[in-house]
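Worksheet for the structure shown next.
The values are calculated or read from the model by the stated rules, or taken from the named source; none is laboratory data. Treat the numbers as computed from the prediction; the structure is a model and nothing was measured. For neighbour counting, all protein chains shown are included, and Cβ atoms are generated from backbone atoms with ideal geometry for every residue, glycine included. Ligands, DNA and RNA are stripped out before the accessible areas are found, and what is left, the full protein with its side chains, is counted by its heavy atoms. Shrake-Rupley method; radii C 1.70, N 1.55, O 1.52, S 1.80 Å.
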Amino acid sequence: MSAPELSTDRLLLRGWRESDREPFAALNADPEVTEFLLGPMTRAESDAMVDRIEASFAAKGYGLWAVEVVGGPEFVGYVGLWDPTFEAPFTPAVEIGWRLARSAWGHGYATEGAQAALRYAFGTVGLAEVVSFTAAVNVRSRAVMERLGMTRDPDEDFDHPRVAVDSPLHRHVLYRLASTAAPSTARASHQASSSS
């Protein structure tokens with residue numbers, strides 16, 4: 001199954017193209033973009049991630065969409081749905097996540113794209129709940145989660161098993177959004193079509 005296309009007023013969430021790999025590798029090598037992740041990625045690691053994303057769409061019908069700005073850059077990062085691959089009290093779960101190039105920060109693209117992905121998650125996929133998580137110190141991503149209507153229970157904060165214990169990123173916060181509690185922007189029907 002190829003990735004379905006989701007559109008918003010300003011964005012196209014689409015399947016990945018071969019031409020996306022180079023700018024994605026540049027994004028993943030940017031220390032500012034990866035500040036709250038496990039660190040910059042090599043080109044091989046970045047390409048392997050694209051391969052896993054494409055496999056997720058093929059196997060599950062959802063994944064991390066490549067984000068294109070309508071009338072603007074053809075690739076600015078990703079937004080979408082992902083299954084965490086580590087064990088935690090809240091797994092198994094489906095996560096909503098995003099990673100955008102610095103040039104795309106500050107425009108509300110993460111929120112706008114995530115709202116489209118949530119509509120797909122709750123409408124097409126039929127998920128009952130979506131989670132999101134980040135390092136406790138990542139205030140920008142936490143703000144997006146809150147704009148999406150997600151809520152946090154401090155009792156569910158956790159230590160990420162893949163982050164060093166002495167790292168300031170070790171402690172993570174968990175946000176949840178149930179389909180029944182989703183804002184109308186995340187419940188409305190979406191426009192989806194098969195990508196070529």
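Taking 1.306 mPa s as the viscosity and 10 °C as the temperature, the Stokes-Einstein diffusion coefficient of the range 52-113 based on its alpha-carbon Kirkwood radius rounds to 125 µm²/s.
Compute the distance from the alpha-carbon center of the range 1-55 to that of the range 111-147, in whole Å. The distance from the Cα centre of the range 1-55 to that of the range 111-147 comes to 17 Å. Charges were assigned to the Cβ only: +1 to each Lys and Arg, -1 to each Asp and Glu. The resulting dipole of the range 31-173 about its Cα centre is roughly 300 debye.
Computed with a 1.4 Å probe over protein heavy atoms only, the accessible surface of the chain comes to 48 Å² per residue. Rounded to the nearest 500, the 222 nm mean residue ellipticity of the chain from helices alone is -7500 deg cm²/dmol, with -39,500 (n - 2.57) taken per DSSP H run of at least 4 residues. Gly39 sits among other residues whose Cβ lies under 13 Å from its own Cβ, and their net charge, with Lys and Arg +1 and Asp and Glu -1, is -3.
Arg10: net charge of surrounding residues, Cβ under 15 Å, Lys/Arg +1, Asp/Glu -1, itself excluded?
Numbers: positive: Arg14; negative: Glu5, Asp9, Glu68, Glu74, Glu112.
Taking every other residue near Arg10 into account, the sum is -4.
Mean-square fluctuations from a GNM of the chain, with a 10 angstrom spring cutoff on Cα atoms, peak among Asp153, Asp30, Asp83 at Asp153.
For the range 1-144, the pair-distance distribution built from all alpha carbon pairs, in bins 10 Å wide starting at 0, is 11, 44, 39, 6, 0 percent. The heavy atoms of Phe90 present about 20 square angstrom of accessible area, all protein chains included, probe 1.4 Å.
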